[in-house]
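Below you'll find the structure, written out as structure tokens, and then a few comments.
The values are calculated or read from the model by the stated rules, or taken from the named source; none is laboratory data. Values in this document were obtained by computation on a predicted structure and should not be read as measured data. Glycine gets a Cβ as well: all are built from the backbone with ideal geometry, and neighbour counts include every protein chain shown.
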Amino acid sequence: MTRFAGRAVLVTGAGSGIGRAAARLFAREGAGVAAMDRDAAAVQATAAAIAAEGGRALALPGDAGREEDVLAALQEAERAFGRLDAIHANAGIGGGTTPFLDQSVALWEEVLRVNLIGAFLAIRHGAPVLLRHGGGAIVCTASVAGLRANAAGAAYSASKAGVISLVQTAADAFAGTGLRINAVCPGLIETGMTAALFDAARAKGREGRIGQLNPLRRAGQPEEVAAAALFLASDEAAYINGQALAVDGGLSSTHPFVPRGR
């Protein structure tokens, strides 16, 4: 399919995980992809993978939580492709597993800077670029941790709850402009951020328990979240705005429970 033929998309956090999967999927759908990540080697690898598949990609090393880097990425993406039609503000960090009373202000500031302020910067500076080309869509990566407690640490959860509120308020702020702003809320997805959890479960022979709390009884893959992000950015989602779409195997639809037979 070529749902994004002739269009251009900026994806932040594109060096790995959901961001890399999204960048590659947008490219397969015909988009020119500006891939941004603070890991220069990783984002170059993403761009190379897209090029190897016949796609168009631009590698942009930069920190999605730094205003000057975001402004530079947007300028370079528009210059390279002549337009910008969508942004997937995906960059994020986990914040670790430090107990609540041991968490520092510095930890919270860094998590909020990357996860929440990064999403704000993508909207604040990306919206005018998209509107110059007739509107478009911004999709922010939030998390089920922003919907319910106990899915991640406090700083990460608070930052993702902020992202969900941000897309709602931003969607209203741009009412009547043709710009849509939504969020995807991944559940347990196998990425670099969750690698330690998956590795520990496999080392103990408990791989079958991964994802056991959601109705599908499995973890998700980055490509499954990327597909949801691409849908929200596409014309097929033209009447979806200000929403947070959970991609979590049904985890957020249930109350906590102990799986039977485990």
| Matching option when the condition is out of contact with any Pro (no Cβ under 9 Å at 6 or more places or on another chain), over 22 Å from GLY162 (Cβ atoms) and among the hydroxyl-bearing types (Ser, Thr, Tyr), among THR46, THR12, THR97 | THR46
| Right, ALA91: buried (at least 16 other Cβ atoms within 10 Å of the Cβ), closer than 29 Å to ASN150 by Cα and touching a residue at least 60 places away in the same chain (Cβ under 8 Å) or not? | yes
| message | Here is a list: PHE231, PHE198, PHE257. Which entry is within 22 Å of the chain's Cα centre (by Cα), modelled with pLDDT under 95 and either in a loop (DSSP other than H, G, I, E, B) or surrounded by 14 or more Cβ atoms within 10 Å (Cβ to Cβ) (or both)? | response | PHE198
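Limited to region 201-228, what total is found for residues that are of a type in the set (A, V, I, L, M), in contact with an Asp or Glu (Cβ under 8 Å, 6 or more places away or on another chain) and either in a helix (DSSP H, G or I) or modelled with pLDDT of 95 or more (or both)?
Result for region 201-228: 1.
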| said: Condition first: without any contact (Cβ under 8 Å) to a residue 24 or more places away in the chain and of a type in the set (A, V, I, L, M, F, W, C). Now tell me which residues in region 48-77 satisfy that. | reply: ALA48, ALA51, ALA52, ALA72
| remark: If we keep only residues of region 159-179 that are out of contact with any Gly (no Cβ under 7 Å at 6 or more places or on another chain) and in a loop (DSSP other than H, G, I, E, B), then the residue surrounded by the most Cβ atoms within 10 Å (Cβ to Cβ) is PHE174
| task | Residues being in a helix (DSSP H, G or I), in contact (Cβ under 8 Å) with a residue 24 or more places away in the chain and either in contact with a Leu (Cβ under 8 Å, 6 or more places away or on another chain) or not aliphatic (A, V, I, L, M) (or both): count how many of those fall in region 99-109. | result | 2
| Of all residues in region 31-83 being farther than 21 Å from PRO128 by Cβ and charged (D, E, K, R), the one that is surrounded by the fewest Cβ atoms within 10 Å (Cβ to Cβ) | GLU53
| Only one of LEU112, LEU121 is surrounded by 16 or more Cβ atoms within 10 Å (Cβ to Cβ), in a helix (DSSP H, G or I) and in contact with a Ser or Thr (Cβ under 7 Å, 6 or more places away or on another chain); which? | LEU112
| task | With respect to ARG3, determine if the residue is basic (Lys, Arg) and free of Cβ contacts under 8 Å to residues at least 40 places away in the same chain. | result | no
| Among (1) assigned to a helix (DSSP H, G or I); (2) closer than 23 Å to VAL225 by Cβ - the single one GLY94 does not satisfy | (1)
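Regarding ARG56, is this residue more than 25 Å from LEU166 (Cβ to Cβ), among the charged types (D, E, K, R) and touching a helix residue (DSSP H, G or I) at 6+ places or on another chain (Cβ under 9 Å)?
Considered against the rule, which asks whether it is more than 25 Å from LEU166 (Cβ to Cβ), among the charged types (D, E, K, R) and touching a helix residue (DSSP H, G or I) at 6+ places or on another chain (Cβ under 9 Å), ARG56 comes out as yes.
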| task | Kindly check whether there is at least one residue in region 112-132 that is on the phi > 0 side of the Ramachandran plot and small (Gly, Ala, Ser). | result | no
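Helices (runs of 4 or more DSSP H) wholly in region 1-91 with at least 3 residues that are within 24 Å of ALA244 (Cα to Cα) and not small (Gly, Ala, Ser) - which ones? Outline the logic, then answer.
Numbers: elements: 17-28, 40-52, 67-81.
The qualifying helices (runs of 4 or more DSSP H) are 17-28.
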| request: Return the pairs, sorted by first residue and then second, in which the second residue is among the charged types (D, E, K, R) and surrounded by 21 or more Cβ atoms within 10 Å (Cβ to Cβ), the first residue lies in region 113-140 and is farther than 15 Å from GLY82 by Cα, the beta carbons are less than 7 Å apart, and the residues are 6+ apart or on different chains. | output: ASN115/LYS160; ALA137/ARG180
